[in-house]
Every structure is written in structure tokens, then in C-alpha cells.
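Let me begin by presenting the structure, written as C-alpha cells, before commenting on it.
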Amino acid sequence: MNLNAVKTIYVHEMRRFQRTIMQSLVSPVLSTSLYFVVFGAAIGSRIDQVEGVSYGAFIVPGLIMLSVMTQATSNASFGIYFPKFTGTIYELLSAPVSFLEIVAGYVGAAATKALFIGIIILVTAFFFIDIQIAHPFAMLALLVLTCISFSLLGFIIGIWAGNFEQLQLIPLLVITPLVFLGGSFYSITMLPPVWQAITLFNPVVYLISGFRWSFFGVADVSIGMSMLAITVFTTGCLAFIWWIFRTGWRIRQ
Amino acid sequence: MTAIVSVKNLRKSYAGGFEALKSVNLEIAEGEILALLGPNGAGKTTLISTICGITSPTSGTVTVGGHDTQKDYRAARAMIGLVPQEISLEPFETVRASVQFSRGLFGKPRDDGKVDEILAQLSLDDKKDRKIMTLSGGMKRRVLIAKALAHEPRVLFLDEPSAGVDVELRKDMWAVVAGLKASGVTIILTTHYIEEAEAIADRVGIIAKGEILLIQDKAELMAQMGKKQLRIDLAAPAAEIPAALAKYALHRAPDGQSLTYTYDTKGPRTGITTLLNDLQNAGLQMKDLQTQQSSLEDIFVGLVKEE
Ligand SMILES: Nc1ncnc2c1ncn2[C@@H]1O[C@H](COP(=O)(O)OP(=O)(O)OP(=O)(O)O)[C@@H](O)[C@H]1O
Ligand SMILES: [Mg+2]
């Protein structure tokens, strides 16, 4: 195991994060605050409780997930796309490192950044809304797992992307809709039955539901299903990355 | 000769089916400098990339220090440093951070002293904290070399190190290469400049259309180049070489109009005067005399054109 390489990649990526820390933190904090003001305070005041929780508090887990998923994906996709773009990927390919080490470095850094942002948003939420966390350890575990799994997804997108447009495309076209339709701002029980059934094909539903359970002890789907979904998703991404490195898809001629 | 790099029956076909390497065999001795010469598209970069792990071979094997580059890639790659043909660097990174990154990636513990030493060796000490995008092209190439040396490799590949580099930097680089050789590093470089091969290589390989056409000791090549040819045009065609001239190893043109004599300019005597005397005694009339010298360039062009 080339631990020095993992550490080197990780530190290198975190340094880039440091250089752009203002952009990285200001925008999610600002947009989350806006969500709280608009949905929590303005609209929320007209909405009764959802599943026994005030609407302002109800959207907190969804908002955190929304930011964490998009941040993890874009961080990781950019992290591995950039060396492809500058050509410095030659160094990764010629170094004595295994695919697991490369992934650990890039995905580890992207997940750390996303986790950091998730926690900042949670802290921001405390300023606006009074919330209690029913299962803090489960909350943290789910948050970390989500950071990792969406960073893995981002890594795949970064390897697949042939230009900057494609790099933006997937998060915009796929992840944002899935997250918005995944019950960030509503309980899926509010949907008509047909849509409830369709929604169950959206993996994000399971993540948001599980995450909300860790806050309020209530969920749209069982926590077991949520854990299963995230495990399947993470394993799927890992298997795909393993295949990428074995075949050299899009990276090694 | 103990080979540190050994390439056996290496083939590489790119995705489109284009065969960039056609069964290449190559042994590189520990501590030598090998220059690979070849026209654009010959397969030089492909050969280096395949040895270093950037492209996968279609078939064949490569070992570095006895380690198979596929099966035992960690041990093999840890020995190799690569300076790519294209300048590929992260623009916002500082010079020092970039070199430290390379060292860590190759599994070596952080060592600022070593990194500074390498930067000094490449006259980059005053550029350490500069962002790479603020450097000139020649300096960027030095940074690439520093990155390749960061993990103290045993074998260094330089893919066209003198492309886009001025005379002074080229001389500097040759000095660096000589210093590395002195410390026991094996160096393989590709170049389009024959003078470069002449100046620093121990052996010269010529590659064209995915095949190594010739690989020879530079001294031997130079000895060949030290040979001159004297062409004697005859007034009347000679049906055969007279027996009296047999000792000169003359070559008769098919039409008998001329004879060619090959001699060594570095030898104690060329033998030309006695040849001309004997020629007259044998009754052959000369019309004209011409001398010509073959250079590495001629050998190169001749081999590459032949295909
Ligand atoms: N990724 C690729 N896909 C398809 N063909 C390629 C690829 N890379 C190189 N080739 C082809 O393989 C051949 C050898 O290319 P290579 O880059 O190895 O040549 P080279 O000897 O390094 O040339 P130069 O002196 O111009 O650098 C060329 O015909 C090139 O077009
Ligand atoms: Mg080349």
C-alpha cells in the first residue's frame, strides 16, 4: 500500500480547497440561508407541521443533503477531471499507485470538503430554527456515507467527461432533479399514489428519508431500506471505478 | 551487459487499429544513455508511454530492473522517472509544491532538503515559490525534469527534452544528464536533433514506423562515419576489377563506369596514392575523382527512406 501517495493526493486536493475556501463555503451557506428565509420563514409559516415536525425544521435534513450531494459530486468530478484537462494525469498513470489509492486520495478529499460544508450548513440551520437531532451518530454516519458515495459518483463523471460542459451537465441534468424530487422539501406521502410509486425508483429518496429519520425519528421509507440503498449505490460506484481502472476506460489508451 | 530495461516483442495497436509499435525488442544497459532518433509519428512517445504505464501494451513484455511493468507495476514504476513530451503542469501550483507532489505520489516520504537539492540542480532555486503559470516554457520544462527526478529514479525517460528549448538551456540540460549518468542513472531520451544524440548518447537507436531499424554503439557509428569513400570515374568502362587491385577491396559499379574505394580517415594512411599508382599501372584511365563522407544524418535518412 502506497500510503504516501494517498496522503499526497489528499493534501494536494485539500490545498486547492483552501485556496478557494471563500467560494466553496460562501455560496452553499448563502443559498441555504435563503432557503431558510423563503421556505422556512415565509412559506413555512403558512404550512402546518409535516409528520409532526415544523416545516422549517422538516426541510433542514433535505437542504443539507441537497448541498452535500451536489458539492461531493462537483468536487470529485472536478478533482479528477482537472489533471485530465492539464495533462498531468500522466503522472498518476506512471506512478506506483493502485486504483484504490488514487480513488482514496481524490474521493477522500472531495468527501471531506462535502462533509465540511454539510456541517457548516447544519450549524447555520441552528441560527434559524430550533432542531433536535434524535440519532446523532446515525446522522453523522449517513452524512459521511453520502459524502463518500456521491464523491465516487463524481469521480466517475470526472473520468467520463470530455470537456467542461459535460462536467457540468450531469450534476445539472441528473443530480439536481433527483435531489429536488427526492423529498428535500416535502414528504413523499404528500404525493399522489402514482408518483409515490415512481419516486421509489429515485435512490435519493432513500438517503433523504434515512437522514430525516436520524433527525426526527420519522421516515418515508424504513431506515433499513435506506441503509441498503446507500450500500448498493456505493458498491455500484466502486465496482464501476474498479472496471474503469482495469480497462483504462477514458484514461489509458 | 546487464539490462535494466528489457522490452520483448512489444506491440501496440491504438483503439482505431493503428499499429504504432510492431514487435519492438530493446535492451537498455544499466547506466547508459540511449538516444532514440526518429521522424514524427515513428512511435517514440508510444514506446516510452508503454514502458512507463501510460498506455497498455497490446502484447509483449517489458521489465524494469527485473520487474514486469504489468504484473509487478509498483516495483517497476518506482524505478522510473518520466519527462513527457508535452508540457503538462498545474498552472496554479507553485514549483516546489509540484515537485513535492511528484515525490509523494511515488511513495517517498516528504524531504524538503532533497527537493531543494533537485531544484538547485536545475537552476530553479529562485523560482521555488513561483506559480508555474508565471514561468517561461523553458523553465516549465525544467520543472518537468525536477518532477521526474523527485523520487530519485534509477531510470529516466526524457521525451524530446530539447523541443522548444534554447541553445543555452540545451547545454545546461546536457550537463544535468551527464551528472545523472555519473550518479548511475540510466537515461533514455528521444530527439530530432542528431547533434544531441552525438553529444550525449552512448548508444543510438533509430526508430521509424513502429520499428527499431538500428541500434548501435555511438563510437561504432562514429567510426563508420569516419569512413570516406573515393569514387573513381573511369574513361572507359572496366569489365572487371584487375587482379593487381584485388587487395584494395574496390567496389565496381554495375555498368563498370566507376570504382568505389572505402578508406578510414582516422587510419595511419589512406592508401589513396598507392591505389592511384596501381590503377595507372593496371592500365585504367581516370576521368574524375570524388570523395564523400557518410554522416549519422545520412545513415538516418537512408534507413528511414528505405521503408
Ligand atoms: N492515442 C492515439 N490514438 C491513435 N493513434 C495514436 C495515438 N497516439 C499516437 N498515435 C499514432 O501512433 C503513431 C506514433 O505516435 P508517437 O506519438 O509515438 O510518435 P513519435 O515518434 O513520438 O512522434 P513525434 O516525434 O512527433 O513526437 C502516430 O502515427 C500517431 O498518430
Ligand atoms: Mg513523441
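The values are calculated or read from the model by the stated rules, or taken from the named source; none is laboratory data. Note that the coordinates shown come from a computational prediction; the quantities given were computed from them, not determined experimentally. Note that each Cβ is placed from the backbone with ideal geometry, even for glycine, and that neighbours are counted across all protein chains shown.
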Does region B:214-225 contain at least one residue that is away from ligand 1 (no atom under 15 Å from the Cβ), within 14 Å of chain A (Cβ to nearest Cβ), assigned to a strand (DSSP E or B) and more than 11 Å from B:LEU37 (Cβ to Cβ)?
no
For region B:175-208, enumerate the residues that are part of a helix (DSSP H, G or I), away from ligand 2 (no atom under 16 Å from the Cβ) and of a type outside the set (Gly, Ala, Ser).
B:VAL176, B:VAL177, B:LEU180, B:LYS181, B:ILE194, B:GLU195, B:GLU198, B:ILE200
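Can you go through B:LEU34, B:LEU21 and tell me which one is within 23 Å of B:ILE200 (Cα to Cα), of a type outside the set (Lys, Arg) and not in a helix (DSSP H, G or I)?
On the way: B:LEU21 fails: within 23 Å of B:ILE200 (Cα to Cα).
Sole residue among the options that is within 23 Å of B:ILE200 (Cα to Cα), of a type outside the set (Lys, Arg) and not in a helix (DSSP H, G or I): B:LEU34.
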Could you say whether any residue in region B:9-18 is surrounded by fewer than 24 Cβ atoms within 10 Å (Cβ to Cβ), more than 14 Å from every other protein chain (Cβ to nearest Cβ), within 16 Å of ligand 1 (Cβ to nearest atom) and more than 28 Å from B:ALA178 (Cβ to Cβ)?
yes
Given the criteria within 14 Å of another protein chain (Cβ to nearest Cβ), away from ligand 2 (no atom under 16 Å from the Cβ) and at positive phi, does B:GLY107 qualify?
yes
Right, B:THR273: outside the structural domain of B:ARG203 (by TED's automatic domain parsing) and under 34 Å from the mean Cα position of the chain (by Cα) or not?
no
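Assess whether A:LEU34 counts as being outside any strand (DSSP E or B) and without any contact (Cβ under 8 Å) to a residue 24 or more places away in the chain.
On the way: outside any strand (DSSP E or B): yes; without any contact (Cβ under 8 Å) to a residue 24 or more places away in the chain: yes.
Criteria met by A:LEU34.
So, B:ILE4, is that one over 23 Å from B:ILE194 (Cβ atoms) and touching a residue at least 60 places away in the same chain (Cβ under 8 Å) or not?
Details: over 23 Å from B:ILE194 (Cβ atoms): yes; touching a residue at least 60 places away in the same chain (Cβ under 8 Å): yes.
Yes, satisfied.
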Exactly one condition in (1) surrounded by fewer than 17 Cβ atoms within 10 Å (Cβ to Cβ); (2) within 14 Å of another protein chain (Cβ to nearest Cβ) is false for A:ILE244; which is it?
(1)
In region B:119-141, the residues that are in contact (Cβ under 8 Å) with a residue 12 or more places away in the chain, more than 24 Å from A:GLU13 (Cα to Cα) and either in a helix (DSSP H, G or I) or not assigned by TED's automatic domain parsing to the domain that holds B:PRO153 (or both)
B:GLN121, B:GLY137, B:GLY138, B:MET139
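Could you grab me the full set of residues in region B:153-174 that are assigned to a loop (DSSP other than H, G, I, E, B) and buried (at least 23 other Cβ atoms within 10 Å of the Cβ)?
Scanning region B:153-174 gives a single hit, B:PRO161.
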Residue selected from region B:209-223 under the condition within 16 Å of ligand 2 (Cβ to nearest atom) and surrounded by fewer than 21 Cβ atoms within 10 Å (Cβ to Cβ), by the criterion nearest to B:ILE28 (Cα to Cα)
B:GLU211
Need the failing condition index for A:THR231 against (1) of a type outside the set (A, V, I, L, M, F, W, C); (2) surrounded by fewer than 20 Cβ atoms within 10 Å (Cβ to Cβ); (3) more than 15 Å from the chain's Cα centre (by Cα), just the number.
(3)
What are the pairs, 6+ residues apart or on separate chains, where a residue within region A:205-219 that is more than 10 Å from A:GLY62 (Cα to Cα) has its Cβ under 8 Å from a residue that is in a helix (DSSP H, G or I) and aromatic (Phe, Trp, Tyr)?
A:PHE216/A:PHE58; A:ALA219/A:TRP213
Given the criteria farther than 15 Å from A:THR112 by Cα and either assigned to a helix (DSSP H, G or I) or touching a His at 6+ places or on another chain (Cβ under 9 Å) (or both), does A:TYR10 qualify?
no
Hey, does region B:7-17 have a residue that's within 23 Å of B:ILE200 (Cα to Cα), assigned to a strand (DSSP E or B) and touching a Pro at 6+ places or on another chain (Cβ under 6 Å)?
no
Some residue of region B:58-81 being crowded, with 23+ Cβ neighbours inside 10 Å and within 13 Å of ligand 2 (Cβ to nearest atom):
no
Could you tell me whether region A:122-131 includes any residue that is surrounded by fewer than 19 Cβ atoms within 10 Å (Cβ to Cβ), free of Cβ contacts under 8 Å to residues at least 60 places away in the same chain and farther than 28 Å from A:MET227 by Cβ?
yes
Looking only at region B:37-46, decide whether some residue is in contact (Cβ under 8 Å) with a residue 60 or more places away in the chain, assigned to a strand (DSSP E or B), within 14 Å of chain A (Cβ to nearest Cβ) and within 7 Å of ligand 1 (Cβ to nearest atom).
no
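In this structure, does B:LEU119 turn out to be away from ligand 2 (no atom under 16 Å from the Cβ) and either at the interface with chain A (Cβ under 10 Å from one of its Cβ atoms) or at positive phi (or both)? Before the answer, list the steps.
Numbers: away from ligand 2 (no atom under 16 Å from the Cβ): yes; either at the interface with chain A (Cβ under 10 Å from one of its Cβ atoms) or at positive phi (or both): no.
Answer is no for this residue.
Restricting to region A:11-24, name every residue that is modelled with pLDDT of 90 or more and either facing chain B (nearest Cβ under 10 Å) or crowded, with 18+ Cβ neighbours inside 10 Å (or both).
Restricting attention to region A:11-24, the residues satisfying the condition of being modelled with pLDDT of 90 or more are A:11-15.
Selection gives A:VAL11, A:HIS12, A:GLU13, A:ARG15.
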Can you say whether B:SER6 is away from every other protein chain (no Cβ under 13 Å) and away from ligand 1 (no atom under 16 Å from the Cβ), as far as the supplied structure shows?
yes
Long-range neighbours under 8 Å by Cβ, at least six apart or interchain, first residue facing chain A (nearest Cβ under 7 Å) and under 21 Å from B:ARG130 (Cβ atoms) within region B:80-92, second part of a loop (DSSP other than H, G, I, E, B) and among the β-branched types (Val, Ile, Thr):
B:SER88/A:THR88; B:LEU89/A:THR88; B:GLU90/A:THR88
Output the number of residues of region B:52-87 satisfying the condition of being within 12 Å of ligand 1 (Cβ to nearest atom) and aliphatic (A, V, I, L, M).
1
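When you scan region B:145-193, how many residues do you find that are within 16 Å of ligand 1 (Cβ to nearest atom) and hydrophobic (A, V, I, L, M, F, W, C)? Even if it seems obvious, please write down each step before you answer.
Step one: of region B:145-193, the residues within 16 Å of ligand 1 (Cβ to nearest atom) are B:157-165, B:188-193.
Of the ones still in play, those that are also hydrophobic (A, V, I, L, M, F, W, C) are B:157-158, B:163, B:165, B:188-189.
Count: 6.
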Pull up region A:75-98, narrow it to residues that are surrounded by fewer than 24 Cβ atoms within 10 Å (Cβ to Cβ) and small (Gly, Ala, Ser), then point me to the one that is farthest from the other protein chains (Cβ to nearest Cβ).
A:SER98
